[in-house]
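The structure appears below as structure tokens.
What follows draws every value from the coordinates through simple rules; no lab data is involved. Every value quoted in this text rests on a predicted model; they were computed, and no experiment measured them.
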Amino acid sequence: MKPKRLTKAERDWLARLQDVLNECPSDRIGAYTIGDANLFLYDRRFEEAIHERTESVSMDFCQAVDAERADLCDIRMPFPVHATSG
């Protein structure tokens with residue numbers, strides 16, 4: 001089965017969403033997902049310490065964010081957000 005193309009309403013909504021995301025007032029916000037409908041936002045100023053924890057003690061990224069107390073908030077999406085590795 002081939003996927004259907006986006007409707008005009010869907011395209012318009014996605015364009016507005018992208019515009020809002022592009023208005024982010026800083027470069028310190030990072031995001032990750034654990035494979036549910038949430039995007040978790042964290043402070044990228046802790047990036048080096050987070051990666052140090054993921055490499056040196058084999059900690060998952062989300063656990064390292066928590067350990068560094070770098071979490072900011074989470075956003076519940078109206079659809080699933082899958083966590084994959086590319």
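When the Cα convex hull of the chain is projected onto planes of every orientation, the mean area is 7.5 nm².
Converting phi to 3J(HN,Hα) with the Karplus coefficients 6.51, -1.76 and 1.60 and the offset θ = phi - 60°, segment 74-81 yields 10, 10, 8, 7, x, 8, x, 10 Hz in sequence order, with x at every glycine or proline. Relative to the longest principal axis of the Cα atoms of the chain, the long axis of helix 47-56 lies at roughly 70 degrees. For VAL81, the residues whose amide H sits under 5 Å from its own are ASP36, ALA37, ASN38, ignoring neighbours fewer than 5 places away on the same chain, with H placed 1.01 Å from N. Angle of helix 8-22 to the longest C-alpha principal axis of the chain, folded into 0 to 90 degrees and rounded to 10: 30°.
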